[in-house]
2 protein chains.
Amino acid sequence: MNAPDPHPIVQAMRPVPSAMLDALRARFGERCSTAQAVREQHGRDESVYPMMPPEVVVFCESTDDVAAVVKLADLHEVPVIPFGVGSSVEGHLLAIQGGVSIDLSRMDKVLAVHPEDLTVTVQPGVTREQLNREIRDTGLFFPIDPGANASIGGMSATRASGTNAVRYGTMRENVLALQVVTASGDIIRTGTRAKKSSAGYDLTRLYVGSEGTLGVMTEITLKLYPLPEAVSAAICQFPSVDAAVRATIQIIQMGVPIARCELLDANAVRAVNKHDKLNLQESPMLLMEFHGSESGVKEQAETVQEIAKEFGGTDFQWATTPEERTRLWTARHHAYFAAVQTRPGCRCQAGDVCVPISRLAECIDAAMSDSEAHGVPYWIVGHVGDGNFHLSWLLDPNDAAEAQRVEELNVRMVQRAQQMEGTCTGEHGVGLHKMPYLLGEHGEGAMAVMRSLKRALDPKNIMNPGKMLAL
Amino acid sequence: MNAPDPHPIVQAMRPVPSAMLDALRARFGERCSTAQAVREQHGRDESVYPMMPPEVVVFCESTDDVAAVVKLADLHEVPVIPFGVGSSVEGHLLAIQGGVSIDLSRMDKVLAVHPEDLTVTVQPGVTREQLNREIRDTGLFFPIDPGANASIGGMSATRASGTNAVRYGTMRENVLALQVVTASGDIIRTGTRAKKSSAGYDLTRLYVGSEGTLGVMTEITLKLYPLPEAVSAAICQFPSVDAAVRATIQIIQMGVPIARCELLDANAVRAVNKHDKLNLQESPMLLMEFHGSESGVKEQAETVQEIAKEFGGTDFQWATTPEERTRLWTARHHAYFAAVQTRPGCRCQAGDVCVPISRLAECIDAAMSDSEAHGVPYWIVGHVGDGNFHLSWLLDPNDAAEAQRVEELNVRMVQRAQQMEGTCTGEHGVGLHKMPYLLGEHGEGAMAVMRSLKRALDPKNIMNPGKMLAL
């Protein structure tokens with residue numbers, strides 16, 4: 001496969017007719033905006049693509065608001081793009097066919113906490129940090145942490161995961177039930193608050209990860225977890241990325257219930273050292289966290305220390321106080337911004353492949369060698385406990401040849417991952433950027449099934465059209 | 001809602017034309033059978049329904065075999081019903097519109113074990129006991145255990161769970177990837193062996209739990225788990241079902257990673273005592289299992305013992321040797337047969353509701369009072385750690401009035417569970433028996449979405465037609 005054009009093909013625009021605009025203004029007043037600045041803010045995300053603003057932005061405050069917008073969009077066959085906080089890295093939010101951006105950020109209420117059932121129901125605009133702040137008194141927490149302070153709606157739509165997934169699973173495992181506005185503007189419910197069910201097709205998991213292409217999620221019921229009695233974090237340096245990854249593989253295969261197991265390569269460590277004024281040894285590093293009882297955490301840590309030593313890991317450096325832990329994880333979460341600052345004016349393009357863990361060392365190694373050979377600056381962080389890593393390139397936005405070269409590196413990394421029975425995206429989603437890779441991963445048969453689903457549930461192709469699936 | 005007719009309405013038959021029969025015989029020879037005994041064996045299951053045999057049974061030995069049958073069925077618009085071991089309890093296997101039963105029991109190969117990745121790929125006819133036997137040397141196990149020695153295909157098709165789900169999840173969480181023969185006879189793959197993915201619609205979870213109504217699973221890739229270093233099982237008697245359930249709720253809310261937490265009411269204990277020649281105290285009982293490290297198991301058990309004591313639980317009786325554990329769990333798994341023997345000639349109708357755990361005590365209590373008031377013998381086992389229980393009635397198969405009364409009890413139990421934000425089926429699936437309850441659970445909107453999916457993926461309605469969804 002040739003590298004795809006790193007910029008999306010601008011598709012045929014589907015203009016918002018004035019009758020629809022009038023109807024939106026009549027209902028939403030100032031909450032319906034066509035101001036240039038507002039449109040531009042809703043026409044970009046953290047992806048490599050240039051801005052493509054929607055024609056109009058509607059700030060919804062209720063499910064009925066969302067249903068009203070979608071009913072109009074259905075009537076006029078106009079695209080609809082749900083918008084949370086804009087942290088997509090794959091171009092999900094770009095209005096490549098024009099249309100309406102539905103801003104959900106004002107739907108930011110935690111609707112119902114059921115601590116006794118370990119569930120919470122939220123509106124889609126609630127961010128994960130806000131959620132954890134608001135439920136702090138319950139002794140529970142929502143573990144899924146993709147780094148960015150994303151909205152729960154966006155995280156559900158992309159099937160996000162992040163640093164805690166190795167222990168707590170992804171959004172796939174942690175969304176129990178949904179309220180969804182369908183492509184016809186109907187309001188439906190999927191799932192229940194029961195922990196499990198065999199009652200019909202699993203619509204919840206069909207919408208989770210559907211990237212706004214099947215409907216707009218307006219309520220999300222999540223699993224919560226008791227805050228662990230004890231938490232400890234540690235870092236451990238390794239002589240090579242390979243050694244760190246092999247230690248991780250061993251940890252997982254032994255069944256250690258590690259809560260976080262993150263790789264940073266030397267480039268990433270160097271960047272966060274500078275950005276966060278830390279003085280970590282600039283070599284490949286695992287940043288780990290253990291959750292459990294006091295003795296359980298101790299036991300896990302001992303096992304992991306032994307494994308690390310086998311693979312040439314140095315002694316652990318512990319971060320036992322909450323402040324130290326926060327400092328380390330904040331640094332980890334800043335890695336993206338820290339890395340971007342190492343090449344002034346650059347744009348960052350993040351890979352996101354995920355492979356069966358036995359192939360992880362080989363997959364990372366090949367991607368590193370390939371990148372070294374091409375001389376494009378890169379850095380790596382990885383949720384290596386899940387077999388998922390982000391090798392990210394720092395490229396000059398004005399150098400089309402470099403962009404093309406990076407895309408070629410990315411294509412090869414994706415194809416390698418797929419040949420290893422892995423996936424082109426562990427957690428960022430398809431958006432625009434990963435569309436060319438789906439066929440190689442799923443084959444024509446499964447792609448045909450996906451297209452059938454899309455056509456069945458969105459016959460006018462108005463829900464985030466042109467994303468994920470080419471029809 | 002009135003109680004549905006406990007017997008299914010026989011639907012319009014869709015005869016297998018002689019051209020199709022000839023084609024099947026030409027390809028499959030003796031593996032294509034129209035013998036009365038074979039048809040009858042494939043026209044019943046463990047449900048309350050009378051036998052409804054298919055017109056022909058084909059014993060498939062490969063994915064290509066399955067595809068060939070489905071292609072013929074597609075051509076002739078004839079129903080197709082996948083058959084594993086016949087352990088459905090909700091009527092999934094009955095040929096209510098006639099057609100072809102695809103017997104998958106000869107597709108019983110473990111195709112690939114990847115111990116380093118904690119995955120295994122199997123054919124659908126592999127049973128769970130067989131799987132665990134065949135992978136024993138790897139130090140890994142597949143925990144999902146619905147009691148019956150069901151086929152992995154059947155367990156996937158009904159989104160089964162069982163005793164270990166409280167810790168390890170259900171088939172929903174444990175199927176990573178599938179090979180499926182679609183309604184047009186095409187062979188597709190869904191998912192990968194990577195632990196997570198955001199690459200498109202979650203087809204794997206759409207087929208898991210679809211009860212043969214969208215396609216036939218021909219390969220299933222599952223997660224495996226390291227055998228725990230230490231396992232211990234214990235029983236604890238309680239003064240009432242309510243006390244046992246309240247103790248369970250507390251255990252779950254505390255976040256104890258208990259591996260199994262099963263309720264047996266006094267009726268169930270009495271039955272297994274007789275059947276398995278045990279002398280358990282005949283009062284409500286929790287049968288528990290703890291997995292972990294030696295010290296972890298000890299710690300869990302201590303916490304649980306304290307909780308149990310609070311709710312009037314007696315001292316634990318431990319089963320530390322594998323033999324003792326096996327004896328207890330075998331007794332638990334025999335509960336169904338044991339209970340059936342307490343009323344000679346009876347038929348057992350099992351409820352399967354699941355509710356948010358905070359409502360569990362109330363839900364069980366109401367169902368018990370209701371059953372007591374109606375005087376139909378019943379017994380209870382429950383995967384109470386998940387909020388799921390089976391209150392099952394023992395009824396006279398020749399007493400239509402009793403059958404009607406039991407169905408009324410069941411309707412009320414289901415409606416109560418749904419009002420508590422729970423589900424009509426925690427793990428048995430919809431089949432024929434739960435169809436009348438889906439609307440109350442999902443609402444018309446979600447039902448319309450499910451029907452759209454069915455029509456999109458099975459336009460001729462040949463895949464296990466008349467089950468799960470009324471079109």
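The values are calculated or read from the model by the stated rules, or taken from the named source; none is laboratory data. Treat the numbers as computed from the prediction; the structure is a model and nothing was measured. FYI the Cβ positions are ideal-geometry reconstructions off the backbone, even for glycines, and counts take in every protein chain you see. Calculation scope for accessible area: heavy atoms of the full protein, side chains included, ligands and nucleic acids excluded. Shrake-Rupley method; radii C 1.70, N 1.55, O 1.52, S 1.80 Å.
Data for the structure
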read-out: Cα radius of gyration and Dmax for region A:89-131 (Å); value: 14.5, 45
read-out: Surface/4 of the Cα convex hull for region B:276-357, nm²; value: 7.5
read-out: Net charge dipole size for chain A [Lys, Arg +1 and Asp, Glu -1 on Cβ; Debye, nearest 20]; value: 800
read-out: Average Cα contact separation per residue, chain A, under 8 Å, 6 or more apart, as relative contact order %; value: 16
read-out: Alpha-carbon centroids, region A:94-131 and region B:436-462: separation in whole Å; value: 27
read-out: Mean ellipticity per residue at 222 nm, deg cm²/dmol - from DSSP H runs of n ≥ 4 across the protein assembly as shown, formula -39500 (n - 2.57); value: -11000 deg cm²/dmol
read-out: Over the protein assembly as shown - Rg/Rh using Cα atoms and the Kirkwood inverse-distance radius; value: 0.96
read-out: Average other protein chain Cβ within 10 Å of Cβ, residues A:442-448; value: 6
read-out: All-pairs alpha carbon distance profile, region B:110-226, 5 Å steps from 0, percent; value: 2, 12, 24, 26, 21, 10, 4, 1, 0
read-out: Nearby aspartates and glutamates by direct alpha-carbon distance to B:LYS277 (threshold 14 angstrom, same-chain neighbours under 8 apart not counted); value: B:GLU324
read-out: Ranked packing of B:96-105, A:345-354, most packed first, by mean Cβ within 10 Å; value: B:96-105, A:345-354
read-out: Ranked packing of A:227-240, A:155-168, B:167-180, most packed first, by mean Cβ within 10 Å; value: A:155-168, B:167-180, A:227-240
read-out: Table column - 3J(HN,Hα) (Hz), region B:411-424, Karplus curve with 6.51, -1.76, 1.60, x for Gly and Pro; value: 4, 5, 5, 4, 5, 4, 4, 5, 5, 8, 6, x, 10, 6
read-out: Rg ratio (alpha-carbon, reference 2.2 N^0.38 Å) - region B:18-103; value: 1.01
read-out: Calculated from backbone phi, Karplus (6.51, -1.76, 1.60) coupling profile of region A:99-114 in Hz, x at Gly/Pro; value: x, 10, 8, 8, 7, 9, 5, 7, 8, 10, 9, 7, 7, 7, 9, 10
read-out: Cα-based equivalent ellipsoid, region A:181-242: semi-axes from gyration tensor eigenvalues, Å; value: 37, 19, 12
read-out: Angle between chain A longest axis and helix A:63-76 axis [Cα atoms, degrees, rounded to 10]; value: 60
read-out: DSSP bridge orientation in region A:77-191 - percent antiparallel, rounded to nearest 5; value: 70
read-out: For B:LEU111, residues with placed amide H under 5 Å, excluding near neighbours; value: B:THR121, B:VAL122, B:GLN123
read-out: Rounded to the nearest 20 debye, dipole of the protein assembly as shown from Cβ charges on Lys, Arg, Asp, Glu; value: 1200
read-out: Entries in B:LYS434/B:LYS454; B:LYS109/B:LYS460; A:LYS223/B:LYS223; B:LYS109/B:LYS196; A:LYS196/B:LYS196 that, when Cα-Cα distance is taken, lie over 28 Å; value: B:LYS109/B:LYS460
read-out: Kirkwood hydrodynamic radius (C-alpha pairs) into Stokes-Einstein, chain B, 37 °C and 0.692 mPa s, D in µm²/s; value: 143
read-out: Reference-scaled alpha-carbon Rg (2.2 N^0.38 Å with N residues) for region B:352-471; value: 1.16
read-out: Residues with amide H under 5 Å from that of B:LEU176, placed H, sequence gap 5 or more; value: B:THR221, B:LEU222, B:LYS223
read-out: Solvent-accessible area buried by B and A, counting both chains, probe 1.4 angstrom, square angstrom; value: 6100
read-out: Amide proton proximity set for B:SER47, modelled H, under 5 Å, gap of 5+; value: B:GLY91
read-out: Rel. contact order, % - alpha carbon contacts under 8 angstrom, at least six apart, region B:79-192; value: 18
read-out: Residues of region A:110-226: accessible area per residue with a 1.4 Å probe, Å²; value: 23
read-out: For residues of B:181-190, the mean tally of beta carbons on other chains within 10 Å; value: 4
read-out: For region A:309-365, alpha-carbon Rg and Dmax in angstrom; value: 15.8, 41
read-out: Backbone N under 11 Å from the A:TRP318 label point (7 Å along Cα→Cβ), restricted to region A:275-301; value: A:298-299, A:301
read-out: Charge dipole of chain A about the Cα centre (unit charges at C-beta), most positive-ward option of A:MET285, A:GLN179, A:ALA319; value: A:GLN179
read-out: Lysines whose Cα lies under 23 Å from that of B:LYS298, excluding same-chain neighbours fewer than 8 positions away; value: A:LYS298, B:LYS309
read-out: Nearest-ten-degree value, helix B:18-28 long axis tilted from longest Cα axis of chain B; value: 70
read-out: Peptide B:169-176 - average C-beta neighbours from other chains (10 Å radius); value: 3
read-out: Between 0 and 90°, nearest 10: helix B:322-333 axis offset from chain B longest Cα axis; value: 60
read-out: Rh by Kirkwood over Cα pairs, then Stokes-Einstein D for region A:207-354 at 1.002 mPa s and 20 °C, µm²/s; value: 125
read-out: Across the identical copies, how the A:THR321 labels are spaced - nm, sorted shortest first, 7 Å along Cα→Cβ; value: 5.4
read-out: For region B:164-175, 3J(HN,Hα) per residue [Karplus equation, 6.51 cos²θ - 1.76 cosθ + 1.60, θ = phi - 60°, Hz, x = Gly/Pro]; value: 8, 5, 4, 9, 9, x, 10, 4, 3, 8, 10, 9
read-out: Lys/Arg +1, Asp/Glu -1 at C-beta; chain A dipole; positive extreme among A:TRP393, A:PRO465, A:VAL297; value: A:PRO465
